[in-house]
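**Student:** This is the structure, below, for whatever I ask next.
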Amino acid sequence: MLKYENFLWNQGLIHVVGIDEVGRGALAGPVIAAAVILPPATVVDGVFDSKKLGKRAREDALANICEVAIDVGIGHATPEEIAELNIIKASLLAMQRAIDLLECLPQALMVDGNRHIPSASCPQFALVKGDQRSQTVAAASIIAKVTRDHLMYQLHQDNPGYGWVTNVGYPTSEHYRALREFGPSTHHRRTFRLL
């Protein structure tokens, strides 16, 4: 994996933050973002784009990240905020909340995608396919994915009919079938096409 953060580390920056979000395309649950700072020149075993890793590999990678990370922040935006703001603005809000939870002051941000975080107060770089170009962004992707999956497993306990233990809130034929049978839950995104 190419490490875009090498460019920033070589300029003497230490608190380089990778940021990614998960859950934009889901029908239910929050959008979750993670911000992570890794030590310069660190290589973390098993850290790749979270979409290319299986569940067990993501869990193992998360443990490896937590062993070495300097700092981690996790933010979210609720289905109500997604309805009020739209999914893009809610995703950026979740990212800002993740940054706000960092104890270290960020010196630069690497944001997965093609948008900047409007209220960020340090230089930032929008990286299309950032989780394939930066290990730090890939680490944020894994943290966000595992965190959101675990949350959806918990929500499944009280809402077992929607299959969130397998689809984690994303659109599947099973999920649409449950929506037709039971209607939307309080965790569904009412502004999304649910039927």
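**Student:** What's the angle, to the nearest 10 degrees (0 to 90), between helix 135-158's Cα axis and the longest principal axis of the chain?
**Tutor:** 20 degrees
**Student:** Hey, what's the chain come to in accessible area per residue, 1.4 Å probe, Å²?
**Tutor:** Normalised by residue count, the accessible surface of the chain is 48 Å².
**Student:** At a 1.4 Å probe, what is the % contribution of carbon and sulfur to the accessible area of the stretch 151-195?
**Tutor:** Of all accessible area on the stretch 151-195, carbon and sulfur atoms account for 54 percent.
**Student:** In the chain, what % of DSSP beta bridges are antiparallel (nearest 5)?
**Tutor:** The antiparallel proportion sits near 65 percent.
**Student:** How far, in nm, would the chain grow between Asp45 and Ile88 when pulled straight, counting 0.36 nm per residue and subtracting the alpha carbon separation?
**Tutor:** That works out to 12.4 nm of additional length.
**Student:** Taking every Cα atom in the stretch 55-155, find the radius of gyration and the maximum pairwise distance Dmax, and write them in Å.
**Tutor:** 13.7, 37
**Student:** Can you give me the long-range amide H partners of Ile70? Hydrogens built in the peptide plane at 1.01 Å from N, cutoff under 5 Å, separation of 5 or more residues or another chain.
**Tutor:** Amide H neighbours of Ile70, under 5 Å, 5+ apart: Ile37, Leu38.
**Student:** So which of Lys55/Lys145; Lys3/Lys55; Lys3/Lys52; Lys52/Lys145; Lys51/Lys145 end up more than 20 Å apart, counting from Cα to Cα?
**Tutor:** Beyond 20 Å: Lys3/Lys55.
**Student:** Note down the net charge around Ala108, summing +1 for each Lys or Arg and -1 for each Asp or Glu among other residues with Cβ under 15 Å from its Cβ.
**Tutor:** -1
**Student:** Which length gain, in nm to one decimal place, applies between Thr172 and Tyr153 when the Cα-Cα distance is subtracted from 0.36 nm times their residue separation?
**Tutor:** Working it through step by step, the gained length comes to 5.2 nm.
**Student:** At 222 nm, what helix-only mean residue ellipticity would the chain give, in deg cm²/dmol to the nearest 500, using -39500 (n - 2.57) for each DSSP H run of four or more?
**Tutor:** Taking each H run of at least 4 residues, the total per residue is -12500 deg cm²/dmol.
**Student:** I've got another one for you. 5 Å is the cut-off here: which amide hydrogens, built 1.01 Å from N in the peptide plane, fall below it relative to Ala108, excluding neighbours closer than 5 in sequence?
**Tutor:** Answer set, sorted by chain and number: Val17.
**Student:** Moving to a separate point now. Efficiency by 1/(1 + (r/R0)^6): what FRET value for Ala57 and His116, r their Cβ-Cβ distance, R0 = 30 Å, to the nearest 0.05?
**Tutor:** Given R0 = 30 Å and the Cβ-Cβ separation, E is 0.45.
**Student:** By how many degrees, between 0 and 90 and to the nearest 10, does the Cα long axis of helix 55-68 differ from the longest principal axis of the chain?
**Tutor:** 40 degrees
**Student:** What share of Cα pairs, in percent, lie more than 31 angstrom apart in the chain?
**Tutor:** When every Cα pair of the chain is considered, 18 percent fall beyond 31 Å.
**Student:** Cβ under 15 Å from Leu53's Cβ, Leu53 left aside: what net charge do those residues give with Lys, Arg +1 and Asp, Glu -1?
**Tutor:** Once all neighbours under 15 Å are counted, the net charge is 0.
**Student:** Further, regarding this structure: For the chain, find the longest principal axis of its Cα atoms and tell me its angle to the long axis of helix 87-100, 0 to 90°, nearest 10.
**Tutor:** Once rounded, the angle reads 50 degrees.
The values are calculated or read from the model by the stated rules, or taken from the named source; none is laboratory data. Everything quoted here is computed from the prediction, not taken from an experiment. All Cβ positions, even for glycine, are placed from backbone atoms using ideal geometry, and neighbour counts span all protein chains on display. Just so you know, the surface numbers come from the protein's heavy atoms only, side chains and all, with ligands and any DNA or RNA stripped out. Shrake-Rupley method; radii C 1.70, N 1.55, O 1.52, S 1.80 Å.
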